[in-house]
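Novice: The structure follows.
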Amino acid sequence: MQKVPFCTAILLFLLPCVVFAGELKGRITDAKGEPLPFATVYVKGSTIGTAANASAEYRLPLTPGKYKINCQYIGFQQVVFDVEIKGDEVVAHNFSLKEQALEIKNVVIKANAEDPAYAIIRKAIKKRKFYQKQVSEFQSSIYMKTVVRNRDMPEQIFGIKLVGNDEVLAESQGGGADSNNLGIMYLSEQEIDYYNDGKRARTIIRSVRESGDPNGLGLPEVPPVVSFYDNNVNPLWGITERGCISPISENALLYYKYKYEGEFIQDGYTINKIKVTPRRLYEPLFQGTIYIVDKEWAIHSLDMILTKTANLTMIDTLRIEQTYLPLKKDVWIIKNQVQYPTVKLFGFDIAINFIAVYDNQKVNEPIPDSLFQDKITSSYEADATDKDSSYWQNKRLLPLEDDEKRDYKKKDSTYAKYTSPEYRDSMRVRGNKFSPSKLIMGGYSYRSKGIKHTFSTNSALGGMVSYNTVEGLSVSPQVRWAGMLDTGKYMKSVVRARYGFGNTHFNTYGRLSYLNTNRAWRTRKWEIGVEGGKYLFQYNPRNTITPLYNTFTTIAYAHNYMKLYERWTAAAFFEQNFGNGFKWSLKAGYQRRMPVSNTSFFTIVNDERTRWTNNVPATLDKVVWEEHDAALVKVELSYQPGIKYIQYPKFKSPQYSKWPVFRAQYEKGVPGIANSKSDFDRWLFAISDYMDMKLLGGIEYNASIGGFLNKNYVSLPDMMHVADNQLVLASPYLRSFQLAPYYMYSNVADMYGELHLEYNLNGFLTNKLPVFRRARWNVVTGANTLYMDNGNYYAEAYVGIDNLGYKIFRFLRVDVVRSWDSFNNTGWGVRIGIDQGMIGLVSGVSVNEDNEKFEW
């Protein structure tokens with residue numbers, strides 16, 4: 001290996017500390033003049049370099065001096081160019097690379113003999129841990145460019161004409177599209193310092209520019225360096241649920257086939273080219289080419305691709321290109337990484353480029369511990385968004401392509417238009433337009449000028465119109481209001497009215513609160529408020545059946561599952577979220593509870609009389625239920641340790657934690673206050689978590705234990721009610737019981753416990769079955785158990801198929817459930833699960849925040 005002259009070495013040492021004065025630039029092509037996008041250009045013997053852009057144009061800032069410049073591209077011969085930079089001159093030089101001539105030496109191919117690639121791969125696998133662990137501390141400067149392009153689109157979607165639509169065209173052209181609505185959808189550039197001490201990582205974003213938004217923040221975290229030295233590779237923020245198996249993982253020979261394609265010499269190293277193909281389709285496996293350094297058995301470079309046959313979840317393909325450089329003996333460091341995800345959906349063809357150029361890398365040099373304090377994984381410099389175009393003209397390592405230049409110019413010029421008060425007000429007026437579909441599906445909303453006030457209603461499918469045997473036909477409109485008092489300070493209210501045509505009762509309920517949010521710390525807030533009125537409530541405060549479901553089962557099957565009571569309420573509450581994983585709430589109130597009876601019995605079935613049930617559940621008919629008053633106090637705490645943060649220029653935002661969520665709750669019925677009869681003490685402790693088992697799938701659990709310390713007077717609404725379900729539509733799997741009859745297992749036990757456990761194989765085992773792997777179905781299994789003192793219990797187990805649907809819209813699952821209990825009751829059933837985020841208004845257990853807050 002050629003030594004670097006002493007003077008050049010000194011110059012390279014000083015290079016990062018001074019301002020670049022000169023520049024080397026040009027274009028990189030093959031022998032036929034075809035561009036070689038993202039080729040690597042670097043100063044020989046150093047970590048200083050750059051990469052070409054998608055048009056194969058490059059620029060390399062340099063201080064005055066003499067240099068040997070290496071240019072290389074995967075599959076092509078390396079070229080070395082001697083250059084001298086004088087002052088601030090710009091030297092133009094185009095590189096022309098020839099395809100790499102491969103030699104096959106000392107290899108005798110015999111029939112049925114093992115391909116020579118396997119011996120090379122075995123040696124690379126043997127040394128995998130060495131390279132995985134050799135870099136205990138790593139730091140680097142990174143230039144990153146993110147480009148999202150729309151390459152094709154349908155003529156119309158969901159009835160909206162896209163091609164030839166002047167309004168759509170005007171807005172898309174303002175966003176950088178061409179006359180065919182194609183072009184750049186998103187463009188950003190970032191300068192980043194990256195630090196990793198082997199256990200902790202920290203990203204510092206020095207500067208960022210986002211096309212069309214001078215305050216744009218780009219990506220807060222760099223796409224991770226995809227380390228193929230890891231057994232399980234998780235590229236691009238986990239686009240596969242199980243991760244992917246590296247071509248040199250410990251068990252790679254069980255998953256891949258290899259073919260030796262030859263070798264070549266570069267800088268004194270012998271580089272082996274090996275073709276990699278999966279042994280089976282529909283497993284998380286790569287295909288492509290990997291180059292292994294002979295004798296050292298390190299990765300020299302690679303070009304790998306994942307397709308739908310690797311069970312990608314959100315994208316169609318992902319291509320990864322990496323280039324490594326020798327820093328010193330046995331130390332190869334990442335120089336360039338380009339990831340190309342593509343998405344094809346409903347006629348759209350979206351291509352994304354994440355280009356990361358690593359510069360000034362340092363290996364195993366001490367990193368100040370202060371960089372990893374405060375649990376911040378990524379942060380922005382205060383002036384990160386203040387750099388102008390002239391700054392970027394001098395700093396960017398990848399020259400802009402023609403369409404990128406146009407995109408910056410067009411979007412920056414139209415920014416003022418799309419952020420002007422006039423334009424925003426026109427969008428507000430458009431959004432305020434009323435339509436019957438809004439009232440039916442999602443509710444109507446109205447925003448005032450300046451967004452100082454917002455009003456919204458519930459929808460017909462969300463419970464505005466329903467039917468139950470207590471009220472008959474019920475109309476229950478709801479109006480929400482939020483008003484901004486000051487920056488981060490709001491007044492909020494919810495008003496509900498309800499009229500039953502069967503019992504002729506008119507009820508109203510309201511809630512008024514003050515919300516104070518911390519603009520410098522997202523999710524850090526507190527809220528104080530009052531609520532009161534008279535309304536109908538379910539005995540089970542978990543609201544295990546929604547008005548829409550109950551309307552259907554009552555009219556279609558004469559199953560009036562929803563059981564209601566009427567109450568007057570006056571209450572006050574306080575809630576606080578510290579933004580660090582800890583939150584708590586306190587609520588105190590006084591209630592008058594009044595039994596109600598069935599008044600209406602409309603159904604379309606003929607044997608309805610054998611199906612109707614009283615409004616008091618038959619399993620609880622011996623529980624004392626009378627009109628009474630109740631004074632109640634409830635406190636709840638929740639904590640998830642280990643929360644990580646991103647520090648943006650103007651605020652901090654919590655992100656994630658690997659720890660479980662711990663929750664504690666205590667509720668007391670206080671006798672003797674006015675006419676309060678309630679006299680009980682109930683407690684609960686719960687823990688929930690998700691455990692990622694990589695290729696084996698994932699396990700999620702929710703466990704709780706609780707009981708009554710005192711139960712002198714426990715009324716129906718104060719009992720421990722489980723989240724039961726008798727509908728074919730599944731209730732949330734980790735919070736409920738799929739076959740438990742309503743109110744069958746409500747209790748006042750001194751001690752009770754719940755465990756909800758689910759194992760999603762995420763393709764493990766089932767990818768061996770042709771039908772499952774082509775359809776991308778996953779097997780899921782689990783169990784739900786309830787224990788009450790005196791040996792009483794209820795349990796159920798289920799197995800099902802998850803990930804049913806089309807393309808990215810996979811929100812369905814089907815389960816077969818078997819149940820049994822200590823009373824010798826057994827049952828089985830089929831449940832159809834719908835993702836709660838997709839179903840929204842008609843979920844099995846209430847996900848409406850206001851509903852939950854109104855309940856106890």
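The values are calculated or read from the model by the stated rules, or taken from the named source; none is laboratory data. Remember, predicted model here, so these are calculated numbers, not experimental data. When we count neighbours, we look across all protein chains shown, and the Cβ atoms used for this are built from the backbone with ideal geometry, even at glycine.
Novice: Among the residues of the stretch 553-572, are any within 30 Å of the chain's Cα centre (by Cα) and either within 21 Å of Phe455 (Cα to Cα) or of a type outside the set (S, T, N, Q) (or both)?
Specialist: no
Novice: Could you grab me the full set of residues in the stretch 16-48 that are at pLDDT below 90 and crowded, with 18+ Cβ neighbours inside 10 Å?
Specialist: Kept after step one, since they are at pLDDT below 90, are these residues of the stretch 16-48: 16-22, 44-48.
Residues satisfying the conditions are Gly22, Lys44, Gly45, Ser46, Thr47, Ile48.
Novice: Hey, among the residues in the stretch 289-318 that are touching a residue at least 24 places away in the same chain (Cβ under 8 Å), in contact with a strand residue (DSSP E or B) (Cβ under 6 Å, 6 or more places away or on another chain) and of a type outside the set (A, V, I, L, M, F, W, C), which one's farthest from Ala39 (Cα to Cα)?
Specialist: Checked the stretch 289-318; the qualifying residue farthest from Ala39 (Cα to Cα) is Asp316.
Novice: Now for a separate question. Among the residues of the stretch 115-170 satisfying the criterion of being assigned to a loop (DSSP other than H, G, I, E, B) and among the small types (Gly, Ala, Ser), which is modelled with the highest pLDDT?
Specialist: Ser136
Novice: Sort out which residues of the stretch 208-236 are among the hydrophobic types (A, V, I, L, M, F, W, C) and at pLDDT 90 or above, and write them in order of number.
Specialist: If the condition is that a residue be among the hydrophobic types (A, V, I, L, M, F, W, C) and at pLDDT 90 or above, then Val208, Leu217, Phe228 are the ones that fit.
Novice: Right, here's the next one. State the number of residues belonging to the stretch 741-774 that are closer than 30 Å to Gln726 by Cβ, among the aliphatic types (A, V, I, L, M) and out of contact with any strand residue (DSSP E or B) (no Cβ under 6 Å at 6 or more places or on another chain).
Specialist: Of the residues in that region, 1 qualify.
Novice: Would a scan of the stretch 556-566 turn up a residue that is in the same structural domain as Tyr742 (by TED's automatic domain parsing), over 21 Å from Asp724 (Cα atoms) and not in a helix (DSSP H, G or I)?
Specialist: yes
Novice: Just name the residue that is nearest to Arg128 (Cα to Cα) out of those in the stretch 332-352 that are out of contact with any strand residue (DSSP E or B) (no Cβ under 6 Å at 6 or more places or on another chain) and assigned to a strand (DSSP E or B).
Specialist: Per the criteria, the residue is Lys344.
Novice: Quickly run through the stretch 441-460 and pick out the residues that are of a type in the set (D, E, K, R) and modelled with pLDDT of 90 or more.
Specialist: Across the stretch 441-460, the qualifying residue is only Arg447.
Novice: With respect to Val635, determine if the residue is surrounded by fewer than 16 Cβ atoms within 10 Å (Cβ to Cβ) and in a strand (DSSP E or B).
Specialist: yes
Novice: Identify, please: which residue in the stretch 573-612 is charged (D, E, K, R) and surrounded by 18 or more Cβ atoms within 10 Å (Cβ to Cβ) and is, among those, nearest to the chain's Cα centre (by Cα)?
Specialist: Lys583
Novice: Then there's this: I'm checking my understanding of the structure. Among residues of the stretch 228-277 that are under 21 Å from Gly763 (Cα atoms) and without any contact (Cβ under 8 Å) to a residue 12 or more places away in the chain, which one is surrounded by the fewest Cβ atoms within 10 Å (Cβ to Cβ)?
Specialist: The extreme case among them is Gly238.
Residue-wise test of (1) touching a Cys at 6+ places or on another chain (Cβ under 9 Å); (2) part of a strand (DSSP E or B); (3) under 28 Å from Pro741 (Cα atoms).
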| position | (1), (2), (3) |
| --- | --- |
| Trp625 | no, no, yes |
| Pro641 | no, no, no |
| Arg663 | no, yes, yes |
| Ile673 | no, no, no |
| Asp681 | no, yes, yes |
| Ile687 | no, yes, yes |
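Novice: Given the structure, is Asn106 surrounded by fewer than 19 Cβ atoms within 10 Å (Cβ to Cβ), at pLDDT 85 or above, more than 30 Å from Ile205 (Cα to Cα) and not hydrophobic (A, V, I, L, M, F, W, C)? Can you show your working first?
Specialist: Working: surrounded by fewer than 19 Cβ atoms within 10 Å (Cβ to Cβ): yes; at pLDDT 85 or above: no; more than 30 Å from Ile205 (Cα to Cα): yes; not hydrophobic (A, V, I, L, M, F, W, C): yes.
When the stated conditions are applied, Asn106 does not pass them.
Novice: Something else: For the stretch 748-823, please list each of the strands (runs of 3 or more DSSP E) lying entirely inside it that holds at least 3 residues being small (Gly, Ala, Ser). Explain how you work it out, then say what you get.
Specialist: Details: elements: 752-760, 778-788, 792-806, 809-821.
Correct list: 792-806.
Novice: I'd like to know if the stretch 453-463 contains one or more residues that are within 16 Å of Ile555 (Cα to Cα), out of contact with any strand residue (DSSP E or B) (no Cβ under 7 Å at 6 or more places or on another chain) and in the same structural domain as Ile545 (by TED's automatic domain parsing).
Specialist: yes
Novice: So for the stretch 376-383 (the condition being in contact with a strand residue (DSSP E or B) (Cβ under 7 Å, 6 or more places away or on another chain) and free of Cβ contacts under 8 Å to residues at least 40 places away in the same chain), does at least one residue qualify?
Specialist: Scanning the stretch 376-383 turns up no residue that is in contact with a strand residue (DSSP E or B) (Cβ under 7 Å, 6 or more places away or on another chain) and free of Cβ contacts under 8 Å to residues at least 40 places away in the same chain.
Novice: Something else: Can you tell me which residues in the stretch 393-405 are surrounded by 16 or more Cβ atoms within 10 Å (Cβ to Cβ), modelled with pLDDT of 90 or more and not aliphatic (A, V, I, L, M)?
Specialist: Within the stretch 393-405, Pro399, Glu401, Asp403, Glu404 meet the criteria.
Novice: Hey, another quick one. Do you know which of the residues in the stretch 677-701 that are in contact with a strand residue (DSSP E or B) (Cβ under 8 Å, 6 or more places away or on another chain) and aliphatic (A, V, I, L, M) is surrounded by the most Cβ atoms within 10 Å (Cβ to Cβ)?
Specialist: By that ranking, first place goes to Leu695.
Novice: Still on this structure, please answer the following. Scan Val616, Val633 and give me the residue that is in the same structural domain as Val714 (by TED's automatic domain parsing) and touching a Phe, Trp or Tyr at 6+ places or on another chain (Cβ under 7 Å).
Specialist: Of the residues listed, the single one that is in the same structural domain as Val714 (by TED's automatic domain parsing) and touching a Phe, Trp or Tyr at 6+ places or on another chain (Cβ under 7 Å) is Val616.
Novice: Among the residues that make up the stretch 59-71, is at least one of them within 22 Å of Ile271 (Cβ to Cβ), surrounded by fewer than 19 Cβ atoms within 10 Å (Cβ to Cβ) and not assigned by TED's automatic domain parsing to the domain that holds Lys405?
Specialist: Yes.
Novice: Which residues, taken from the stretch 502-512, are in contact (Cβ under 8 Å) with a residue 60 or more places away in the chain, surrounded by fewer than 19 Cβ atoms within 10 Å (Cβ to Cβ) and either touching a strand residue (DSSP E or B) at 6+ places or on another chain (Cβ under 6 Å) or among the hydrophobic types (A, V, I, L, M, F, W, C) (or both)?
Specialist: Gly502
Novice: Can you pull out the residues in the stretch 707-731 that are crowded, with 19+ Cβ neighbours inside 10 Å and either under 35 Å from the mean Cα position of the chain (by Cα) or within 15 Å of Tyr561 (Cα to Cα) (or both)?
Specialist: Within the stretch 707-731, Met720, His721, Val722, Ala723, Asp724, Asn725, Leu727, Ala730, Ser731 qualify.
Novice: Right, here's the next one. If I go through the stretch 403-423 residue by residue, how many of them are without any contact (Cβ under 8 Å) to a residue 60 or more places away in the chain and either in a helix (DSSP H, G or I) or within 29 Å of the chain's Cα centre (by Cα) (or both)?
Specialist: Adding up the residues that qualify gives 8.
Novice: Moving on. Go through the stretch 220-321 and tell me which strands (runs of 3 or more DSSP E), entirely inside it, have 1 or more residues that are farther than 20 Å from Ile125 by Cα.
Specialist: Working: elements: 256-266, 269-278, 287-293, 299-306.
Once the strands (runs of 3 or more DSSP E) in the stretch 220-321 are filtered for at least 1 residues that are farther than 20 Å from Ile125 by Cα, what remains is 256-266, 299-306.
Novice: Further question on the same structure: Report whether or not Val530 is touching a residue at least 40 places away in the same chain (Cβ under 8 Å) and either within 28 Å of Tyr467 (Cα to Cα) or in a strand (DSSP E or B) (or both). Outline the logic, then answer.
Specialist: On the way: touching a residue at least 40 places away in the same chain (Cβ under 8 Å): yes; either within 28 Å of Tyr467 (Cα to Cα) or in a strand (DSSP E or B) (or both): yes.
Judged against the criteria, Val530 is a match.
Novice: Taking only pairs six or more apart or across chains, which ones have beta-carbon atoms under 7 Å, a first residue in the stretch 514-527 that is assigned by TED's automatic domain parsing to the domain that holds Lys652, and a second residue that is of a type in the set (Val, Ile, Thr)?
Specialist: As it stands, the answer is Tyr514/Ile528; Arg519/Thr487; Lys525/Thr517, since those pairs meet every condition given.
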